[in-house]
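Here the structure comes first, spelled out in structure tokens, and everything after it is commentary.
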Amino acid sequence: MTAAVDDFDHVVDVLVVGSGGGGMTAALTAQAAGLDALVVEKSSFYGGSTALSGGGIWVPGAPAQRREGYAPAPEGVVEYLRQITDGLVSEARIRQYVESAPKMLGFLERLSGWCEFVWKPGYADYYPELPGGSELGSTINVPPIDLRKLGPDEQQLLRPLALAPKGIWLGPKELRTFYRIRQSWAGKGVLLKLISRMVRARVFGERMAAIGQSLAARLRLTMRERGVPLWLDSPMTELLTEADGSVTGASVERDGSTQRIGARLGVILASGGFDHDLAWRKELLPVVDQDWSFGNPAAMGDGIRAAQKLGAATELLDEAWWFPAIQWPDGRMQFMLNERMMPAQFIVNGDGKRFINEAAPYMDFGHAMIAGQKTGVTHIPCWLITDHRSWNRYVIGGHLPIPKIPGAPVPTGRRVPSAWLESGVVKAAMTWGEMATRIGVPADNLAETARRFNELARNGHDDDFNRGDSVYDNYYGDPTLPNPNLYPLGDPPYYAFRIVLGDLGTSGGLRTDEYARVLRDDDTVVPGLYAVGNTSAPVMGRSYAGAGATIGPAMTFGFVAANHIAAHATKRTLNSHRR
């Protein structure tokens with residue numbers, strides 16, 4: 001809809017739609033450049049999918065890395081991204097990301113003491129063997145924070161559907177150690193830390209949060225410190241334009257009425273993907289016909305649709321940040337990460353056969369499930385099969401392999417919870433024939449798969465799928481074994497866990513250039529309109545460089561978009577978007 005200059009109810013320099021990591025970073029960057037910025041958020045909660053995430057930020061060459069004496073060569077990182085994106089992403093966008101991501105984190109660190117970033121080496125890039133890949137990794141994190149510091153904003157922080165008990169939180173490196181609770185004293189030490197944290201939460205009222213919750217909280221505190229306004233419960237309904245197609249603002253529903261917000265210099269769409277628009281998703285990728293997304297419940301594609309109405313182009317709309325998962329009977333989704341790296345397990349499709357290196361990066365695993373499903377053989381769901389020894393040795397599905405503790409907040413003890421078995425999410429059997437019947441696969445195939453896997457495990461190398469060859473595979477494996485990811489299955493009972501195709505959110509979106517400007521089909525710019533995060537097509541293409549490869553680009557291109565607006569502000573007349 002076209003809007004005249006004097007038609008607006010409220011006018012700012014930069015309007016940011018969405019309050020995730022990308023949106024908040026964009027607003028902070030604009031404000032620091034002397035621009036008047038406003039963030040509008042559709043839901044009653046801020047933080048977006050960033051708040052629900054692991055909180056990692058993939059930034060090679062980040063200041064936190066440099067402080068530790070490590071910095072991947074930028075040209076190497078460019079080559080790494082060039083390889084994994086396989087021609088789907090322009091060289092200019094890749095180079096912009098590699099150059100601007102470290103600057104973005106440096107800017108935030110200088111901006112506020114709330115923006116504290118740390119790097120703990122060891123979580124490898126997801127393809128560390130490729131040229132430019134890093135075995136040390138480039139995942140940057142934030143320290144935990146007491147949410148009481150948010151004051152009245154604490155209740156508006158978007159929280160996961162399944163909240164951990166008070167005091168239960170783990171940093172990224174602690175999680176790896178905790179998974180080794182039976183293999184190391186360090187793992188047992190983390191358990192003692194958790195007990196101590198629970199006590200402190202009850203005695204002192206601490207409300208500590210880590211990972212994505214901490215990142216979203218810190219960005220919100222920085223916005224508050226800098227005086228950047230945030231309007232919650234204010235969904236954007238339409239982008240406003242001049243007669244020449246330049247974007248001049250947006251219509252926003254607030255307090256029961258429509259407000260027309262003018263943006264003198266630009267609108268930045270950071271409203272996420274269309275994670276929970278199941279009809280749209282089924283239209284684009286029919287093999288995924290259920291809502292298994294971990295993404296922000298409010299992510300319904302509003303920003304993408306609004307830009308499409310203006311002639312904006314889209315790319316990779318059939319893509320998502322795939323993450324195999326367990327879905328419990330109450331609908332709760334649980335990541336299936338470390339379990340796929342356990343040594344004594346294998347995963348089978350509807351033919352009872354292995355189909356991929358089980359420890360592969362979750363994006364690759366998801367693609368293998370989709371490709372397999374398209375052949376007519378069931379891969380969604382598939383089944384992770386393990387034995388009783390592993391049940392009592394590794395963390396599986398949130399179960400801790402420690403003696404039974406009555407009233408514990410997570411399952412403990414030697415028995416698989418009866419509720420798990422009754423739900424059908426987990427199957428138990430004493431023979432391969434019985435297991436085949438329970439999960440609906442050919443008995444001969446399953447028995448042969450088990451035989452072959454055990455043979456490979458005894459020999460110490462997965463000749464079929466090379467599980468364990470990558471440093472990435474080893475990360476959550478068992479370091480006490482010669483191959484951390486391989487060990488024969490032993491005596492029954494055997495257990496099978498049903499794996500569905502979850503995701504962290506959709507990843508396809510609006511086509512953008514290296515400045516995050518939204519493009520039309522002919523690659524001309526939609527003046528005044530920018531898109532970042534899952535609203536835009538990913539700089540990662542159909543791949544995933546390392547932990548934090550969603551949040552890193554969202555924050556980086558939020559920073560890039562706001563800086564591009566600021567750099568061109570002096571060249572524009574008031575309310576003009578002409579380049």
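Applying the Karplus parametrisation 6.51 cos²θ - 1.76 cosθ + 1.60 with θ = phi - 60° to the phi angles of the stretch 342-353, what ³J(HN,Hα) value in whole Hz is obtained for each residue in order, glycine and proline being reported as x?
4, x, 9, 7, 8, 10, 10, 8, x, 8, x, 10
I want to check the label-to-label distance for Ala419 and Asp146. Put each point 7 Å from Cα in the C-beta direction and report it in nm to one decimal.
About 3.3 nm separates the two model spin labels.
Using a basic spin-label model with each label point 7 Å from the Cα along Cα→Cβ, how many nm lie between Glu154 and Glu129?
The answer from the label model is 4.8 nm.
Please report Rg (one decimal) and Dmax (integer) in Å for the Cα set of the stretch 249-405.
Gyration radius and largest Cα-Cα distance of the stretch 249-405: 20.6, 64 Å.
Once fully extended, how much extra length lies between Val199 and Ala408, figured as 0.36 nm per residue of separation less the alpha-carbon to alpha-carbon distance?
Additional length available on full extension: 73.9 nm.
Please turn the phi angles of the stretch 170-179 into ³J(HN,Hα) values with the Karplus equation 6.51 cos²θ - 1.76 cosθ + 1.60 (θ = phi - 60°), one per residue in order, whole Hz, x for glycine and proline.
9, x, x, 6, 5, 4, 4, 5, 4, 5
Once the cut-off is 20 Å, how many percent of the Cα-Cα pairs in the stretch 361-443 end up in the long-distance tail?
Here the long-distance tail beyond 20 Å is 48 percent of all Cα pairs in the stretch 361-443.
Size of the dipole of the stretch 425-483 about the Cα centre, Lys and Arg at +1 and Asp and Glu at -1 on the beta carbon, nothing else charged, in debye to 20?
Using Cβ point charges on Lys, Arg, Asp and Glu, the stretch 425-483 gives about 260 debye.
Run through the stretch 84-138 and list the GluC sites (Glu not before Pro) located in a DSSP loop whose Cβ has at most 12 other Cβ atoms within 10 Å.
Of the GluC sites (Glu not before Pro), the ones in loops of the stretch 84-138 whose Cβ has at most 12 other Cβ atoms within 10 Å are Glu129.
At 1.4 Å probe size, with every protein chain present, just tell me what the per residue accessible area of the chain comes to in Å².
Value returned for the chain: 38 Å² of accessible area per residue.
How compact is the stretch 336-379 by the rule of thumb for globular proteins, expressed as Cα Rg over 2.2 N^0.38 Å?
Expressed relative to 2.2 N^0.38 Å, the Cα Rg reads 1.11.
Report the relative contact order of the chain, percent, no decimals, based on alpha-carbon pairs under 8 angstrom and at least 6 residues apart.
Result for the chain is 23 percent.
Got a sec? Charge dipole of the chain, +1 on Cβ for Lys and Arg, -1 for Asp and Glu; which of Ser271, Thr177, Leu285 is way out at the positive end?
Thr177
Could you work out the mean projected area of the convex hull around the alpha carbons of the chain, in square nanometres to one decimal?
25.7
Rounding to the nearest 20 debye, state how big the charge dipole of the chain is about its Cα centre with +1 on each Lys and Arg Cβ and -1 on each Asp and Glu Cβ.
My answer is approximately 2000 debye.
Among Lys173/Lys374; Lys120/Lys188; Lys120/Lys353; Lys103/Lys149; Lys353/Lys427, which pairs are too far apart, with a Cα-Cα distance over 29 Å?
In this structure, Lys173/Lys374; Lys120/Lys353 exceed 29 Å between Cα atoms.
If the chain between Asn459 and Glu68 were fully stretched, how many nm would it gain, using 0.36 nm times the residue separation less the Cα-Cα distance?
Gain on stretching Asn459 to Glu68: 136.9 nm.
Taking amide H atoms as placed 1.01 Å from N in the peptide plane, list the residues 5 or more away in sequence, or in a different chain, whose amide H sits under 5 Å from that of Arg511.
Sorted by chain and number, the residues that satisfy this are Ala313, Thr314, Glu315, Leu519, Ala537.
Taking amide H positions as placed in the peptide plane 1.01 Å from N, state which residues far from Asp387 in sequence (5 or more) or on other chains have amide H under 5 Å from it.
Distant-sequence amide H within range of Asp387: Tyr495.
If you look at just the Cα atoms of the stretch 339-485, how large are its Rg and its Dmax in Å?
15.5, 46
Scan around Met208 for amide H atoms under 5 Å from its own, H built in the peptide plane at 1.01 Å from N, and keep only partners 5 or more places away or cross-chain.
Counting only residues 5 or more places away or on other chains, the set is Leu147, Gly167.
Using square roots of five times the C-alpha gyration tensor eigenvalues, list the equivalent-ellipsoid semi-axes of the stretch 227-303 in whole Å, biggest first.
They are 28, 16, 11 Å, listed largest first.
With a 1.4 Å probe and every protein chain kept in, tell me what percent of the accessible surface of the chain is carbon plus sulfur.
52
Using θ = phi - 60° and the Karplus curve 6.51 cos²θ - 1.76 cosθ + 1.60, what whole-Hz ³J(HN,Hα) does each residue of the stretch 107-120 get, with Gly and Pro shown as x?
Each residue of the stretch 107-120 in turn: 4, 5, 4, 6, 6, 7, x, 5, 8, 10, 10, 10, 10, 10 Hz.
For the stretch 240-321, what is the charge dipole size about the Cα centre, in debye to the nearest 20, if Lys and Arg each add +1 at the Cβ and Asp and Glu each add -1 at the Cβ?
With Lys and Arg at +1 and Asp and Glu at -1, about 320 debye.
Can you tell me the FRET efficiency between Leu481 and Val118 if r is taken as the Cβ-Cβ distance and R0 is 22 Å, rounded to the nearest 0.05?
So, using R0 = 22 Å, E works out to roughly 0.15.
For the stretch 421-547, compute the orientation-averaged projected area of the C-alpha convex hull (one quarter of its surface), in nm².
It is 12.4 nm².
If you restrict to DSSP beta bridges whose two residues both lie in the chain, what percentage is antiparallel, to the nearest 5?
So the antiparallel bridges amount to about 70 percent of the total.
The values are calculated or read from the model by the stated rules, or taken from the named source; none is laboratory data. Just so it is clear, the model here is predicted, and its values are computed rather than measured. Positions of Cβ are backbone-derived with ideal geometry, glycine not excepted, and every protein chain shown enters the neighbour counts. The accessibility values were calculated without ligands, DNA or RNA, using every heavy atom of the protein model including side chains. Shrake-Rupley method; radii C 1.70, N 1.55, O 1.52, S 1.80 Å.
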